[in-house]
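Notes to accompany the following structure.
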Amino acid sequence: MKTQYYTASSLDGFIATEDDSLDWLFPLADLTDSSYPDFIAEIGALAMGSTTYEWIVRNSDKVAAETGSPWPYTQPAWVFTSRILPVIEGSNIRFVKGDVRQIHNEMRVAAGEKNIWIVGGGDLAGQFHDEGLLDELIIQIGSVTLGRGKQLFPRRVLSPTLRLISVHQMGNSMVELRYEVGK
């Protein structure tokens, strides 16, 4: 079982614009041509921040058109928030706040032998890293720059270092980098 941060980033290190838009990402690649189908098949639980969750709520029509449902996951999800958020019908969500270490234990039980996906954002993935719970970063880098926005991973990681374990080109506009997090 691994805890993985799987995400896409602009070339200059942003996962979303300042106003949380992902419109820059969609023209770059097709999910079916990526590692996503194999990746999601190995996921048993999800963690996401409130901004990521709110993006899904705001874009439920787009999500439903792409996946067939406004909530595209069958796995249980933990949404980290300090606010009351709307529930998406048909979802298996727990709204939580506090220390990621305690909640990670609940997620491990729910995931069984499968992996845990830190869906986003970057600061939430950083909190898992800070607690020594993050095992892998899988970053798909697109051939765009945003100039500013929501950072990919707002942490300084100097030691132990990230170890590059694979590089995969996705068409002519994206590359996937997979890093193991040293413990």
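Values computed for the structure shown
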item: Candidates Gly120, Gly126 - the one that is at pLDDT below 95, within 30 Å of Leu164 (Cβ to Cβ) and surrounded by 19 or more Cβ atoms within 10 Å (Cβ to Cβ); result: Gly120
item: Cβ pairs under 6 Å, 6+ apart, first in the range 83-94 and under 13 Å from Tyr73 (Cβ atoms), second in a loop (DSSP other than H, G, I, E, B); result: Ile88/Pro70; Ile88/Trp71; Gly90/Trp71; Ser91/Trp71; Asn92/Pro76
item: Filter result for Leu152 (more than 12 Å from Ala45 (Cβ to Cβ), surrounded by 18 or more Cβ atoms within 10 Å (Cβ to Cβ) and not β-branched (Val, Ile, Thr)); result: yes
item: In the range 46-69, residue surrounded by the most Cβ atoms within 10 Å (Cβ to Cβ) [restricted to those that are of a type in the set (A, V, I, L, M) and assigned to a helix (DSSP H, G or I)]; result: Ile56
item: Residue among Pro76, Pro37, Pro72 that is of a type outside the set (D, E, K, R) and either buried (at least 16 other Cβ atoms within 10 Å of the Cβ) or modelled with pLDDT of 95 or more (or both); result: Pro76
item: Pair list, Cβ under 7 Å, 6 or more apart: the range 150-170 residue farther than 11 Å from His129 by Cα and free of Cβ contacts under 8 Å to residues at least 40 places away in the same chain, other residue in a strand (DSSP E or B) and among the β-branched types (Val, Ile, Thr); result: Leu162/Val181; Val167/Val175; Gln169/Val175
item: Which listed residue, of Gln102, Gln75, Gln127, Gln140, is without any contact (Cβ under 8 Å) to a residue 12 or more places away in the chain, of a type in the set (S, T, N, Q) and either over 15 Å from Lys2 (Cα atoms) or part of a strand (DSSP E or B) (or both); result: Gln102
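The values are calculated or read from the model by the stated rules, or taken from the named source; none is laboratory data. These numbers come from a predicted model, not from an experiment. For neighbour counting, all protein chains shown are included, and Cβ atoms are generated from backbone atoms with ideal geometry for every residue, glycine included.
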